[in-house]
Amino acid sequence: MASFSTFKCISISGKSCGNNKVSFCGHNMCSMQLQHCVNHSQRPSRVSFAISGIKAQVATTQQANVETTESVEAPVVIVTGASRGIGKAIAIAFGKAGCKVLVNYVKSSKEAEEVCKEIEGVGGQALAFRGDVSNETDVASMIKTAVDAWGTVDVLVNNAGIIRDTLLMKMKTSQWKEVIDLNLTGVFLCTQAAAKIMMKQRKGRIINIASIVGLVGNVGQGNYSAAKAGVIGFTKSAAREYSARGINVNAIAPGFIISELTVNLSEDIKKAYIEKIPLGRYGQPEEVAGLVEFLALNSAAGYMTGQVLTIDGGMVM
Ligand code: NAP
């Protein structure tokens with residue numbers, strides 16, 4: 001595993017600017033702040049290192065029979081909405097696998113920096129990137145940032161998501177649009193931008209975080225269930241379109257996972273959910289992260305595309 005000594009921050013040009021964090025307004029809207037937190041003594045570059053097992057390599061179908069120990073480059077991974085919750089667990093899992101991880105967030109800069117530090121503490125490299133995934137300009141800058149820093153994008157995890165729950169009879173158009181724009185259009189924008197890079201190298205893995213609500217619906221979540229059902233349909237279409245380019249696209253549909261998204265639900269609702277979960281408990285973000293890691297890095301997942309894997313304690317079966 002690669003190990004690095006100094007904790008340095010760099011500007012978007014990749015030039016070292018001391019050990020201080022750098023704020024960067026990447027376009028005239030000035031809506032983004034870039035904080036590269038690269039635990040490296042030089043400009044970040046693709047690093048070759050020896051690993052054992054099948055972790056930390058984005059294997060295509062052709063690569064399925066690789067030797068168990070060989071020199072491979074650390075995969076470059078983008079995780080949207082990685083400052084907390086499921087996205088944070090996913091980003092750290094990739095860090096443990098030795099990956100270079102772009103930690104996207106929109107508000108929680110301090111938390112995103114902490115995630116970067118944690119990734120570097122477990123053997124990965126990280127940079128935090130502030131950007132709204134429903135904004136096309138931000139998405140283009142996010143992909144460019146990963147490519148400028150590390151040369152490519154191997155894995156994209158479309159995780160960022162919000163809820164604006166209310167009954168349909170009360171739902172405002174703004175609540176509908178906000179959820180569709182981020183949870184569905186954001187997945188489209190990030191996928192399209194990342195796939196452009198992946199197509200050139202003829203390999204890549206895209207994992208979309210949907211929800212069981214996209215499969216079965218839910219009272220008070222008309223906007224959210226429509227977006228998540230859209231993500232599932234989009235995943236299948238993208239899998240068909242990109243299969244000839246060596247890009248696998250799959251979706252994960254979590255059930256009730258402990259995070260800030262769910263922690264504030266009323267006790268009545270939480271109790272009602274537990275009663276419907278055959279395994280009798282909520283899921284942990286790390287459990288979702290393990291499944292993402294499998295789909296992203298394991299050579300066995302090289303023969304999977306267009307699938308929706310539920311991880312829900314048996315709620316939907
Ligand atoms: P969470 O704890 O609320 O975290 C949401 C993340 O998304 C945060 O990192 C947040 O960044 C980021 N985000 C919000 N708006 C964004 C934007 N416009 N652009 C970029 N990032 C943005 O949510 P979670 O529970 O971990 O959920 C993660 C994903 O799993 C979502 O897609 C959700 O729908 C799905 N899911 C969750 C559950 C569950 O039970 N928790 C179940 C099924 C599916 P900031 O911190 O900067 O705001």
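Key figures
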| read-out | value |
| --- | --- |
| Residue in the range 257-273 that is surrounded by 12 or more Cβ atoms within 10 Å (Cβ to Cβ) and acidic (Asp, Glu) present | no |
| Any hit, the range 228-242, residues being part of a loop (DSSP other than H, G, I, E, B) and either aromatic (Phe, Trp, Tyr) or within 9 Å of the ligand (Cβ to nearest atom) (or both) | no |
| Residue list for the range 253-272, filter: without any contact (Cβ under 8 Å) to a residue 40 or more places away in the chain, closer than 27 Å to residue 234 by Cβ and outside any loop (DSSP other than H, G, I, E, B) | 262 |
| Qualifying residues in the range 252-269 (those that are modelled with pLDDT of 85 or more and farther than 13 Å from residue 312 by Cα) - the one nearest to the ligand (Cβ to nearest atom) | 259 |
| Restricting the range 274-304 to residues that are within 12 Å of the ligand (Cβ to nearest atom) and outside any helix (DSSP H, G or I), the residue that is surrounded by the fewest Cβ atoms within 10 Å (Cβ to Cβ) | 284 |
| Residues satisfying the stated conditions in the range 147-189, i.e. of a type outside the set (Val, Ile, Thr), within 16 Å of the ligand (Cβ to nearest atom), touching a residue at least 60 places away in the same chain (Cβ under 8 Å) and not in a loop (DSSP other than H, G, I, E, B) | 156, 158, 186 |
| Count - residues of the range 223-245 that are in contact (Cβ under 8 Å) with a residue 40 or more places away in the chain, out of contact with any Gly (no Cβ under 7 Å at 6 or more places or on another chain) and over 24 Å from residue 176 (Cβ atoms) | 3 |
| Positions within the range 80-138 being within 13 Å of the ligand (Cβ to nearest atom), in contact (Cβ under 8 Å) with a residue 60 or more places away in the chain, of a type outside the set (A, V, I, L, M, F, W, C) and assigned to a helix (DSSP H, G or I), in sequence order | 85, 87, 88, 109, 113, 137, 138 |
| Any hit, the range 207-215, residues being part of a helix (DSSP H, G or I) and surrounded by 20 or more Cβ atoms within 10 Å (Cβ to Cβ) | yes |
| Per-region count, the range 144-163, residues out of contact with any strand residue (DSSP E or B) (no Cβ under 9 Å at 6 or more places or on another chain) and not acidic (Asp, Glu) | 2 |
| Of the criteria (1) touching a strand residue (DSSP E or B) at 6+ places or on another chain (Cβ under 9 Å); (2) closer than 30 Å to residue 217 by Cα; (3) within 14 Å of the ligand (Cβ to nearest atom), which one residue 141 fails | (2) |
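The values are calculated or read from the model by the stated rules, or taken from the named source; none is laboratory data. Remember, predicted model here, so these are calculated numbers, not experimental data. When we count neighbours, we look across all protein chains shown, and the Cβ atoms used for this are built from the backbone with ideal geometry, even at glycine.
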